[in-house]
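All of the numbers you see were taken from the coordinates with simple rules; none came from a lab. Not measured: the values here are computed from a predicted model. Cβ: placed from backbone, ideal geometry, glycine included. Neighbour counts: every protein chain shown.
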Amino acid sequence: MAIQFHHATLDNGLTIIAETDTSAHSAAAGFFVRAGARDEPSSLMGVSHFLEHMMFKGTPTRSAEALNQDFDALGARNNAYTTSEMTCFYASVLPEKLADVTDVLADMLRPALRDEDFNLERGVILEEIAMYEDNPFWVLYERAMEEHYAEHPLAHRVLGTKQTISEMGVESMRDYFRTRYSADNTVVAFAGDLDFDRVVDQVRALCAGWERTDAARDSARPSFADHDVTIRDERVGRAYYLLAAEGPSISDPRRYAAGVLSVILGGADTGRLHWALIEPGIADEAEAAHEGRDGTGDMYVYASCEPSRLDQVRETIDREIVSLRDALTEDDLVRVRSKLATGVTLSGERPGGRMQRIGRRWTYLRDHLPLEEELAMINAVSLDDLRSLLDSFGFRPCTRAGLVPA
């Protein structure tokens, strides 16, 4: 039987979706909450990620140890993550264990949020922030996004800052949880060998009591301007450079062209930046990427090099971007379309990848796009689409950020 898509909505607004495949040897479940760093008040920056940690500290019916033991006993491959725009809790198991792991996931989505756990986990979060402060790319990226998005909440740091985490109170977290972790702000996604009617009945029994809050997000497009920022840090011995500019949003069909263009410009081992910077020994890293967001998107170029070569790296990147429109060829398009199609297909071969794909898409767009149709949209990207994209966005205005030795 071919893969089939299913969709149901409970009376409280909770959405359940699935791609069923009776030939699959596993099944996956994920709870996607439309709550991330951009949804936080500035004073509570980092609360979404903090909450992700607190979910593993136990519920009114399960201790933290019991949660871990239950996942282990089921042989689950489980984890969670927080981004600027969503938080996800997920697990992959053998099909016969799906009902049990769904029960554990649904329970952990209603955590105890005990004072003592909150105070202990605060220290873990502060240690994580300190760890990322030793990562040059992360330091540069966060500072660049603060400059790029200015007063817009997409400037918020996912981990928060030492100040916001230190000053955060558990009652503020509980209020944020009640508002954002509501039924109508959550999508439950499944994929693999499963009976959809059965999982809907189970999720209804587990989650029918979850409240609806009509949680909202301002998805208006931010305004952008040129920025130039330099960070000097005595802990680094190399130079790091990031250029950030607006790109298509997650709902913009041009995002497929943006994905193709970023690989042509900065794909590993084959992009134009590789041949212009890495092969000649000017830089040791050079890449480009596109990330679609809710209401906007980002186009990135990143490179690292010897400090004495930073100006040369910046000039080379500018030159490659300016010349890109006229340098595009059909060979570029064929090569990159094949690479992207392979990546999308590989990520969707297993139920865990399919669950992530449909869950993230529904959380953003409230619709479903079969893998085959997405591949067709990638393959339909033309040279005219790429040139039109450059005409519309063109990496201007942009934020240029550098991290260099003090």
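Which ³J(HN,Hα) values in Hz, rounded to whole numbers, follow from the phi angles of segment 176-185 under the Karplus curve 6.51 cos²θ - 1.76 cosθ + 1.60, where θ = phi - 60° and Gly and Pro get x?
Computed from phi, the couplings for segment 176-185 are 4, 4, 4, 7, 8, 8, 9, 4, 7, 10 Hz.
Taking every Cα atom in the chain, find the radius of gyration and the maximum pairwise distance Dmax, and write them in Å.
22.3, 63
Order of 326-338, 344-356, 255-267 by packing, highest average Cβ count within 10 Å first?
Sorting 326-338, 344-356, 255-267 by mean packing, highest first, produces 255-267, 344-356, 326-338.
For segment 316-406, what D do you get in µm² per second when you plug the Kirkwood radius from alpha-carbon pairs into Stokes-Einstein at 20 °C and 1.002 mPa s?
The Stokes-Einstein estimate is 134 µm²/s.
Please list, or write none, the lysines whose alpha carbon is within less than 29 Å of the alpha carbon of residue 97, excluding same-chain residues fewer than 8 places away.
Once the sequence-local lysines are set aside, what remains near residue 97 is 57.
Be a star and scan segment 9-51 for residues whose amide nitrogen sits under 15 Å from the point 7 Å along the Cα-to-Cβ vector of residue 197.
Answer for segment 9-51: none.
What number, in percent, do you get for the relative contact order of the chain if the mean sequence gap of Cα pairs under 8 Å and at least 6 apart is divided by its residue count?
Across the chain, relative contact order equals 22 percent.
Percent of Cα-Cα pairs per 5 Å bin, from 0 to the last occupied bin, for segment 247-302, please list those.
It works out to 5, 23, 26, 17, 14, 9, 5, 1, in whole percents.
Can you put 381, 404 in order of Cβ neighbours within 10 angstrom, beginning with the fewest?
Ordered from fewest to most neighbouring Cβ atoms within 10 Å, 381, 404 come out as 404, 381.
Report, in degrees rounded to the nearest 10, the 0 to 90 angle that the Cα long axis of helix 196-207 makes with the longest principal axis of the chain.
The two axes meet at around 80 degrees.
Which aspartates and glutamates have a Cα lying under 12 Å from the Cα of residue 162, excluding residues fewer than 8 positions away in the same chain?
Straight-distance partners of residue 162: 127, 128, 133.
Provide 162, 97 in ascending order of the number of other Cβ atoms located within 10 Å of each residue's Cβ, fewest first.
162, 97
Using only Cα atoms, find the angle between the long axis of helix 310-327 and the longest principal axis of the chain, and express it within 0 to 90 degrees, rounded to the nearest 10.
90 degrees
In Å, what is the Rg of the alpha-carbon atoms in segment 227-405, and how long is Dmax?
17.2, 50
Just need the relative contact order of segment 227-405 here, percent rounded to a whole number, with Cα pairs under 8 Å and 6+ apart.
39 percent
Computed from the mean reciprocal separation of all distinct C-alpha pairs, what Kirkwood hydrodynamic radius does segment 1-158 have, in Å?
17.7 Å
Going by average Cβ density within 10 Å per residue, which order do the peptides 232-244, 144-156 take, highest to lowest?
In descending order of packing, they fall as 144-156, 232-244.
Hey, fewest Cβ within 10 Å first, where do 384, 100 land in order?
Lowest count first: 384, 100.
Under a 10 Å cutoff between Cα atoms, tell me which one of 104, 124, 188 has the largest fluctuation in the Gaussian network model of the chain.
Highest fluctuation of the listed residues: 124.
Express the relative contact order of segment 4-207 as a whole percentage, based on alpha carbon pairs under 8 Å and six or more residues apart in sequence.
In percent, rounded to a whole number, it is 40.
Can you tell me the 0 to 90 degree angle between the C-alpha axis of helix 136-149 and the longest principal axis of the chain, rounded to 10?
Helix 136-149 sits roughly 90 degrees off the main axis of the chain.
Calculate one ³J(HN,Hα) per residue across segment 292-304 by plugging θ = phi - 60° into the Karplus curve 6.51 cos²θ - 1.76 cosθ + 1.60, and present them in order as whole Hz with x for glycine and proline.
x, 10, 6, x, 7, x, 10, 10, 10, 9, 10, 8, 9
Take every DSSP beta bridge with both residues inside segment 4-207 and express the antiparallel ones as a percent of the total, to the nearest 5.
Around 80 percent antiparallel, to the nearest 5.
Nearest-5 percent of antiparallel DSSP beta bridges in the chain?
80 percent
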